[in-house]
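Novice: Take a look at the following structure, please.
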Amino acid sequence: IIVTKGIRDRLRVLLISGKPHPGERTWRNLLKADTSVDLVHFTILRPPEKQDGTPINELSLIAFPTRELFVEKLDEFDLIIFDRYERRGVLPITYLANIADYVEKGGAVLVAAGPDYAGAASLYRTPLSAVLPAMPTGDVTIMPFKARTTPKGERHPVVRGLPGATQTEPTWGRWFRIVDSEVRNGDIVMAGPDERPLMILARIGEGRVAQLMSDHAWLWARGYDGGGPQAEALRRMAHWLMKEPQLEEEALTGVQAGSTLTVQRNTMLETAADVTVTMPSGKTETVQLDEVRPGIWRGQMEATEAGLHRLTDGTLEAVTAVGTADPREATDLIATSTLLAHVTEATRAASRFISTDGTPATLESPRLAKVNPGRAMAGSGWIGLKANGTYRVLSIDSFPLFSTLLALAALLALMSLTWYREGR
């Protein structure tokens with residue numbers, strides 16, 4: 001049994017920023033802190049309407065390769081983040097339509113909304129509206145409030161168990177602005193004042209979309225009013241978007257601890273069905289699950305057989321390994337040549353021990369000799385290595401030792417030296 005764990009080698013993230021604001025630096029710090037993230041930051045510092053007569057060749061800004069990013073290489077990104085972005089005539093509508101198709105085919109988009117999302121130039125008034133779960137009402141509420149988890153959020157792995165979260169009054173710092181919206185689909189996992197949606201997570205086609213309906217998350221990072229779990233919340237949200245298995249809402253797993261097999265079911269539902277475990281021999285056993293905390297159900301059984309156990313609750317399936325990973329190798333760890341005696345006899349070889357009494361080596365190492373195929377491979381004080389001649393020529397390179405002029409000069413010098421010696 002070999003247990004493997006796969007990880008992404010590199011995560012490619014495209015951050016699209018609109019009007020500069022204090023939270024822009026927060027996003028960069030969060031993404032650049034992870035060495036496995038390749039960040040491409042697209043920001044608009046000179047919109048088309050900002051014309052002051054400065055010649056293009058005197059500007060320190062460079063033109064961004066928008067066609068390359070939003071047409072040719074869009075599918076290479078694992079996550080696209082819109083940070084307070086609004087339509088300003090920089091990105092054509094067709095590019096935003098490409099991002100909507102990118103989500104439908106399995107991509108991930110995160111929208112951090114500010115007052116711009118409620119205005120006439122909102123991203124919702126573009127082809128992206130087909131994949132955005134929150135529709136703005138046009139109003140922005142400005143008042144101090146504390147973000148809190150909703151009943152669904154208490155079960156969702158993105159916000160479940162965040163430091164400082166309580167059902168009554170979180171210990172987090174206050175925010176002061178939220179964009180009012182109506183949620184068409186997805187799960188509202190965090191809410192603001194008067195149950196206004198604050199964080200929405202949705203599955204669109206094969207992809208995923210997350211929306212944060214406030215641009216004040218940076219207040220947590222600055223420690224204002226006590227701060228909050230800004231880095232952990234945003235990290236979980238980004239990794240859920242990129243389909244990290246540990247953050248799946250619906251999951252079934254099995255873990256062995258000694259002779260006990262623990263079955264865990266993550267679900268957003270109020271109940272969890274019993275799990276049927278099929279053992280290597282074909283026998284089955286039903287494990288009843290109990291809720292240990294919102295969204296997590298667990299049950300245990302005695303593991304009496306070694307090998308692969310298959311788990312199913314009628315909806316999800318999982319496989320877990322029970323027992324030692326190398327049981328046959330671990331049964332007898334004493335070094336012996338007996339098991340390989342038939343191999344050494346058939347090949348006219350031999351086994352040699354450097355020490356026979358468990359003390360540091362008292363015998364000299366056998367001498368190595370090259371032996372032709374068919375000859376004895378061992379003898380008194382020596383062992384042989386077969387000269388089987390197995391090699392392969394991969395390539396042959398040739399190059400002149402002298403260039404044409406250098407060779408001519410050397411030839412003339414040699415002839416002059418010969419003439420000089422003959423003349424003497």
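The values are calculated or read from the model by the stated rules, or taken from the named source; none is laboratory data. None of these values were measured; they are calculated from a predicted model. Here the Cβ positions follow ideal geometry from the backbone for every residue, glycine too, while neighbour counts run over all protein chains shown. These area figures cover heavy atoms from the full protein model, side chains too; ligands, DNA and RNA do not enter into them. Shrake-Rupley method; radii C 1.70, N 1.55, O 1.52, S 1.80 Å.
Novice: Give me a comma-separated list of calculated 3J(HN,Hα) values for the range 249-266, in order, Karplus coefficients 6.51, -1.76, 1.60 applied at θ = phi - 60°, integers in Hz, x for any Gly or Pro.
Specialist: Values, residue by residue: 5, 10, 8, 10, 9, x, 10, 8, 9, x, 9, 10, 9, 9, 9, 10, 10, 9 Hz.
Novice: Right, here's the next one. Testing the spin-label approximation: label points 7 Å from Cα along Cα→Cβ at residue 39 and residue 391. State their distance in nm.
Specialist: Each label point is offset 7 Å from its Cα along the Cβ direction, giving 5.3 nm.
Novice: What are the extents of the Cα atoms of the range 102-161 along their three principal axes, in Å, largest first?
Specialist: Principal extents (Cα only, largest first): 36, 35, 14 Å.
Novice: Here's something else I'd like to know. Give me the accessible area per residue for the range 93-192, probe 1.4 Å, as a whole number in Å².
Specialist: Per residue, the range 93-192 has an accessible area of 39 Å².
Novice: For q values of 0.09, 0.10, 0.13 Å⁻¹, compute log₁₀ I(q)/I(0) with the Debye formula on a Cα-only model of the chain, without solvent.
Specialist: -0.77, -0.84, -1.14
Novice: Next question. Using Stokes-Einstein with the Kirkwood hydrodynamic radius over Cα pairs, what translational diffusion coefficient do you get for the range 172-308 at 20 °C and a viscosity of 1.002 mPa s, in µm²/s rounded to a whole number?
Specialist: 119
Novice: For residue 206 and residue 348, what is the calculated FRET efficiency with R₀ set at 35 Å and r taken between the beta-carbons, to the nearest 0.05?
Specialist: E between residue 206 and residue 348, to the nearest 0.05, is 0.05.
Novice: Right, next: For every helix of n ≥ 4 consecutive DSSP H residues, a contribution of -39,500 (n - 2.57) applies; sum these over the chain, divide by its total residues, and give [θ] at 222 nm rounded to the nearest 500 deg cm²/dmol.
Specialist: -4500 deg cm²/dmol
Novice: Within straight cross-link reach of residue 105, meaning Cα distance under 16 Å, which lysines are found once same-chain residues fewer than 8 apart are removed?
Specialist: Candidates past the 8-residue exclusion: 73, 243.
Novice: Additional query: Could you state the number of Å between the C-alpha centres of the range 256-271 and the range 207-221?
Specialist: Cα centroid to Cα centroid, the span is 31 Å.
Novice: Provide the per residue accessible area, probe 1.4 Å, for the range 216-345, rounded to a whole number of square angstrom.
Specialist: Per-residue value: 58 Å².
Novice: Express the carbon and sulfur contribution to the solvent-accessible surface of the chain as a percent, rounded to the nearest whole number, probe 1.4 angstrom.
Specialist: Its accessible area is 54 percent carbon and sulfur atoms.
Novice: Could you work out the percent of alpha carbon pairs in the range 189-233 separated by over 12 Å, rounded to a whole number?
Specialist: 67
Novice: While we're here: Running Debye on the range 98-218 with equal point scatterers at the Cα sites and no solvent, what base-10 log of I(q)/I(0) appears at q = 0.10, 0.12, 0.15, 0.19 Å⁻¹?
Specialist: Debye output, listed in q order: -0.29, -0.42, -0.66, -1.01.
Novice: While we're looking at this one, here's another question. By how many nm would the segment from residue 382 to residue 269 lengthen if fully extended, with 0.36 nm per residue of separation less the alpha-carbon distance?
Specialist: Answer, rounded to one decimal: 33.5 nm.
Novice: Excluding residue 174 itself, what net charge comes from residues whose Cβ is under 14 Å from its Cβ, given Lys and Arg +1 and Asp and Glu -1?
Specialist: That works out to +2.
Novice: Can you give me the Kirkwood hydrodynamic radius for the range 151-203, using every pair of distinct Cα atoms, in Å to one decimal?
Specialist: Hydrodynamic radius (Kirkwood, Cα pairs) of the range 151-203 is 12.0 Å.
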